[in-house]
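Peer 1: Quick one: the structure is below, and I'll ask about it shortly.
Only the coordinates and a few stated rules stand behind these numbers; no lab work does. Computed from a prediction, not measured in an experiment: that's the story for all the values here. With ideal geometry, Cβ positions are generated from the backbone for all residues, glycine too; neighbour counts draw on all protein chains shown.
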């Protein structure tokens, strides 16, 4: 079928990207995109589908940003997801729904248990994909879970539109019919983002089950921004594909995007760091899948002063330290049902998680840090090599921490899985201070590319009507102010990373939203390109 490009089961992890040809720095193209993460590639696909010439520049030797899958050398032939591993947003995102990952050969494998929360005393909260089963397992708090999370799960298309919008406009398809979901979501965020969060529940299992998801935000708890994260992800756990793991790893998503880009005439050049304006090919439009900090370092005075001030004020958050394990067998969870989960939040009770996140916020390392863990072989046996299996984990730490947290992570898992140490064959830690070496967007280990606060989820990266446009296109009212020191007119520039709405996650929406604006403003293309596999190729 024209335009269809199936992602291989085992991705060549250095990608099909091409090395830069001689003189590439002086090449001319319609669009340059800096960074090959999911947002950058979503923007690239969208622009190429509109018939434009697109070049993606990636500083690293591998493509994919936070969605890479690589052999880390722990076990020959075993691959590990470098950052993102579990993908509820990959099926719920409007961009990926239009792009149709399944039709492109990307298999999203969904465990029966989306996520689990082990608790002291050989107990656990279990979030099944089946909402009714989850409600039943929560006992007296089951009805409260159904009314809070279940209602949002049943209306998941509206829930996703609310949470994954550009924070500046009413999402397409939200109205009519979505007003009730907007009101319900807003009230739930206020409830679970404040000290009122315990009033709904009588036990400690349901609160812990929801708080483990809120902790993804790596921010003090409770907070409204963390509550929004928790309610979206918890709702998706009981809807559609739940919390799936891509067969073969996250890089299969990247491979599908690159295949489509190349089918439409675009290209990705690896080992192409962009440190200054001299590293950018001539182009009418540049989109940065980077942090505001990187964009400002590259463009300097090309950015209008008022916008530059706002971008400099953008705050970065606390961090994650990654620990990858190779295991000789499954994690021996004390509660057997936890072993069925694709994701496990190792944090204990709500009170313990609040204390752990408070320790990080104060610049310390918690005795029992918040740990996220995922064993992809729960649903993807192809990830096992010679009877050994990977385990993906990270722990929350202060920004810039250089601490090796392997022992802290091991001890915390062992607390709920006695004998875990006995199945560890090999491990590797990447402290927070080192994460930017493989992805410059993770400033001091901030994997969200910006602090997750209420202000920075609404005013991300600044409180402007268009959160993506940095330098206005030629001919627009703002363009006269956008000139370098030499007085020459500058190219249109957009920011499209996780530092823009809707924020972190493998959803491609920052890139999609920015690209659609650039198509309209710079190229006069007002219709959104067809992203389906059946769409025309060049």
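Peer 1: Place a point 7 Å from the Cα of residue 130 along the Cα-to-Cβ direction; which residues of the stretch 209-251 have their backbone N under 15 Å from it?
Peer 2: So the set is 238-239.
Peer 1: Cα gyration tensor of the stretch 145-252, axes a ≥ b ≥ c as square roots of the eigenvalues: rounded (a/c below 1.5), prolate (a/b > b/c) or oblate?
Peer 2: Here the stretch 145-252 falls in the oblate category.
Peer 1: Using only the alpha-carbon atoms, what does the stretch 409-449 span along each of its principal axes? Please give whole angstrom values in decreasing order.
Peer 2: Largest to smallest, the principal-axis extents are 37, 19, 11 Å.
Peer 1: By how many degrees, between 0 and 90 and to the nearest 10, does the Cα long axis of helix 251-263 differ from the longest principal axis of the chain?
Peer 2: On a 0 to 90 degree scale, this one is about 20.
Peer 1: Which of 519, 41, 109 comes first, and how do the rest follow, when ranked by fewest Cβ neighbours within 10 Å?
Peer 2: 109, 519, 41
Peer 1: What is the gain in length, in nm to one decimal, between residue 179 and residue 382 on full extension, counting 0.36 nm per residue of separation less the C-alpha to C-alpha distance?
Peer 2: So the chain would gain 68.7 nm between residue 179 and residue 382.
Peer 1: Which angle from 0 to 90°, rounded to the nearest 10, does the C-alpha axis of helix 350-361 make with the longest principal axis of the chain?
Peer 2: Approximately 40 degrees, to the nearest ten.
Peer 1: Moving to a separate point now. Counting other beta carbons within 10 Å of each residue's own, what order do 190, 268, 56 fall into, fewest first?
Peer 2: Fewest-to-most ranking of 190, 268, 56: 190, 268, 56.
Peer 1: Cα convex hull of the stretch 280-413: how many Å³ per residue?
Peer 2: Dividing the Cα hull volume of the stretch 280-413 by its residues yields 185 Å³.
Peer 1: OK, next. Quick one: helix 179-192 against the long Cα principal axis of the chain, what's the angle to the nearest 10°, folded into 0 to 90?
Peer 2: It is inclined by approximately 60 degrees.
Peer 1: Let me ask something else about it. Roughly what would the spin-label model give for residue 351 and residue 202, points 7 Å off Cα along C-beta, in nm?
Peer 2: Here the modelled spin labels are 2.0 nm apart.
Peer 1: Regarding the chain, what is the average projected area of its C-alpha convex hull, in nm²?
Peer 2: The number I arrive at for the chain is 23.0 nm².
Peer 1: Give the order of 169, 401, 250 when sorted by the count of other beta carbons within 10 angstrom, beginning with the fewest.
Peer 2: By the 10 Å Cβ count, ascending: 169, 401, 250.
Peer 1: Tell me the volume per residue, in Å³, of the convex hull enclosing the alpha carbons of the stretch 58-189.
Peer 2: Given the Cα convex hull of the stretch 58-189, per-residue volume reads 195 Å³.
Peer 1: Turning to a different aspect of this structure: Which log10 I(q)/I(0) values does the stretch 199-351 give at q = 0.15, 0.16, 0.21 Å⁻¹ under the Debye formula, counting every alpha carbon as one identical point scatterer?
Peer 2: For the requested q values the scattering log ratios are -1.13, -1.18, -1.38.
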